[in-house]
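Student: Structure in structure tokens, see below.
The values are calculated or read from the model by the stated rules, or taken from the named source; none is laboratory data. Quick caveat: nothing in here was measured; it's all calculated off a predicted structure. So basically every Cβ, Gly included, is an ideal-geometry build from the backbone, and we count neighbours across all protein chains shown. Ligands, DNA and RNA are stripped out before the accessible areas are found, and what is left, the full protein with its side chains, is counted by its heavy atoms. Shrake-Rupley method; radii C 1.70, N 1.55, O 1.52, S 1.80 Å.
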Amino acid sequence: MARATGKSEAVYERLKGDIESLRLRPGAKLSEVQLGEELGASRTPVREAIRRLARDGLVDFVPGEVARVAPISLGGVRALFEFRMLLEPRAAASVATAGAADERVLVPFRELLERLEEFDASFRALDAAAQVRSYQKFYDISEGFDQAVIAACRNPYLARTIRDLRGQTVRLRHLSHSGPRRMLTSLEEHRAMLKAIALGDAQAAEAACRHHLAQTLQALIDSLTSQDLTLGADVQVDVAG
């Protein structure tokens, strides 16, 4: 049983990464047999991994068909961000308030702000092609910020709900940064959030987070309307390599 669980975890992490990075496109069918052959796993761990991804909201089960990568739609994105705007600004304010009372809470945010400033300086010095290749460094900082907010949030129900949405939000990250200009804008938005929290300013942290989410939503709408990602048409699955 432990061996199967370990294999299921490996398959889950692989498929989750491919879905979040859009290597597996929205609407792509997920055949247990095909995936098992390509990933060197039996059908049981593949099935377990797919069920976990379905609980994460990253996979749909279509009646009479195999599982597929959940489509991304404008309506779904708007609904997600409407929910996020209820949660995340409040969490940012909560963390800033906690930090004002206990400076130890602010340590990871100050460290992330330093990393962000270093990235900003190096990013602006690169040409356009090199900037695109460096996006992952910014994603790591952004993910670090999100995880730090979850860890420092004093409301466990709020923190858990935000954490449970991470699979959806990470997948959309690659669509929201459609070019270096948006990357720089997002960088400024994260700087504002980090500075507000580092200063223990709850009102500013809440406002900065709400502004960031609104800007990200608009970037996603622009990206989705220019790409064919909202359809659930058959897509050839390729997870090799």
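Student: Going through region 39-63 one residue at a time, which ones are open to solvent by less than 20 Å² (accessible area, probe 1.4 Å) and within 20 Å of Leu80 (Cα to Cα)?
Tutor: Hits for region 39-63 are Leu53, Leu58, Val59.
Student: Okay, moving on. Which residues, counting only those in region 166-195, are in contact with a Ser or Thr (Cβ under 7 Å, 6 or more places away or on another chain) and open to solvent by 50 Å² or more (accessible area, probe 1.4 Å)?
Tutor: Residues satisfying the conditions are His174, Ser178.
Quick grid of which residues meet (1) modelled with pLDDT under 90; (2) over 22 Å from Gln136 (Cβ atoms); (3) out of contact with any Cys (no Cβ under 6 Å at 6 or more places or on another chain):
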| position | (1), (2), (3) |
| --- | --- |
| Asp18 | no, no, yes |
| Ser21 | yes, no, yes |
| Ala28 | no, yes, yes |
| Arg47 | no, yes, yes |
| Arg52 | no, yes, yes |
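Student: Of these, Tyr157, Tyr139, which one is part of a helix (DSSP H, G or I) and closer than 19 Å to Leu116 by Cα? Write out each step before concluding.
Tutor: Working: Tyr157 fails: closer than 19 Å to Leu116 by Cα.
One residue alone meets the criteria, Tyr139.
Student: If we keep just the residues of region 89-139 that are β-branched (Val, Ile, Thr) and surrounded by fewer than 17 Cβ atoms within 10 Å (Cβ to Cβ), which is nearest to the chain's Cα centre (by Cα)? Give the steps one after another, and end with the answer.
Tutor: The initial filter retains those residues of region 89-139 that are β-branched (Val, Ile, Thr), namely 95, 97, 105, 107, 132.
Those still in the list that are surrounded by fewer than 17 Cβ atoms within 10 Å (Cβ to Cβ) too: 107, 132.
Values: Val107: 23, Val132: 18 Å.
Here the answer is Val132.
Student: Of everything in region 18-38 that's under 12 Å from Ala49 (Cα atoms) and part of a helix (DSSP H, G or I), which residue is most open to solvent (accessible area, probe 1.4 Å)?
Tutor: Only one residue tops the list, namely Glu32.
Student: Any residue that is within 17 Å of Thr216 (Cα to Cα), open to solvent by less than 20 Å² (accessible area, probe 1.4 Å) and in contact with an Asp or Glu (Cβ under 8 Å, 6 or more places away or on another chain) - is there at least one of those in region 158-165?
Tutor: Yes, the conditions are met somewhere in region 158-165.
Student: Still on this structure: State which residue is surrounded by the most Cβ atoms within 10 Å (Cβ to Cβ) when the search covers only region 64-88 and only residues that are within 17 Å of the chain's Cα centre (by Cα) and not hydrophobic (A, V, I, L, M, F, W, C).
Tutor: Per the stated criteria, the residue is Glu88.
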